[in-house]
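Only the coordinates and a few stated rules stand behind these numbers; no lab work does. Computed from a predicted model, the values in this text were never measured in an experiment. Ideal geometry is used to build each Cβ from the backbone, glycine not excepted, and the neighbour counts take in all protein chains shown.
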Amino acid sequence: MAETARPDPIGYLDDVAATRAGAGYKRYMLDSLEIRPGHAVLDVGCGPGTDLPALAEAAGPSGEVTGVDREPAMVDEARRRTAGLPGVRVLPGDAHALPLGAGSVDRARMDRVMMHLDDPARALGALRGVLRPGGLAAFAEPDWDTLAIDHPEVESSLAFTRFVAESANRNRAMGRQVPRLVADAGFEVRSVVNAAPVFRDAATAERVLHLRRNTARAVTAGYLDQDAAERWLAHLEGTGTFIATASFVIVVAANGAP
């Protein structure tokens, strides 16, 4: 249980997007935005550019797609991956102070971004400022307090969830907070969906939840003792009836009149 090395962030985002659950919610977000040819589209926290090609295809050759990310490695990789796509640009920038003009985009998305931010409300204000009146935005966030993993030793699963919620993410309950924060920022909430993924095998869950690494970290942090952690992992990796799930809230909203 010595797997504590930090995973490659680009590889992790690619792994999540490659799962059935990842592909499914991303398609739902894309469809909900109702992107039309000629639209200007913004992806806040675009990471390595995972979603930029699909956005560019929807916006067509007359559209413009902008990805913004604060991490230089993500910006570089997104630029590399989209180098052959006309109308796509990737900019370094902070979600709290977006490098775009007021009312300059028709559609926007934030995918698992607010759970990492210092001030999600301020970021939503910045996003509303660059989105034209009536423009649509889609937001997707997990709620880590709801992470549930079946195990005969329920307390061990609850301890793992507490560690992930309290230690691995800045805003642990962001999923449930998104509708309220979006409405408070002046958006008109159009829909709220809980697209909770259900993982039925430990191998897929490992790609998303990093069970072994986070269990080792939970032991180090005092959430689990070593014996309980080893029993917990041995059962999860050896059972044929694995299940893990967590709330994953997707909000689609329109920019209200300024």
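Structure summary
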quantity: Cα-projected label distance for residue 191 with residue 57, points at 7 Å along beta-carbon direction, nm; calculated: 2.0 nm
quantity: Antiparallel bridge percentage (DSSP; both residues within region 9-255; nearest 5); calculated: 50 percent
quantity: Estimated dipole of the chain in Debye, rounded to 20 [Cβ of Lys and Arg +1, of Asp and Glu -1, Cα centre]; calculated: 660 debye
quantity: Least to most buried among 243, 35 (fewest other Cβ within 10 Å first); calculated: 243, 35
quantity: Rough spin-label spacing in nm, given labels placed 7 Å along Cα→Cβ, for residue 166 and residue 8; calculated: 3.4 nm
quantity: Signed unit charges on C-beta, dipole axis of region 9-255, positive-most listed residue 226, 216, 30; calculated: 30
quantity: Residue 227 versus residue 119: modelled label distance in nm, points set 7 Å from Cα along the beta carbon direction; calculated: 5.0 nm
quantity: Among 39, 235, 96: highest mean-square fluctuation, GNM of the chain, C-alpha pairs under 10 Å; calculated: 235
quantity: Cα pair distances in region 9-255, grouped into 5 Å bins until the bin that holds the longest one, percent each; calculated: 1, 6, 13, 17, 18, 15, 11, 8, 6, 3, 1, 0
quantity: In degrees, nearest ten, helix 72-81 long axis to first principal axis of the chain (Cα); calculated: 70 degrees
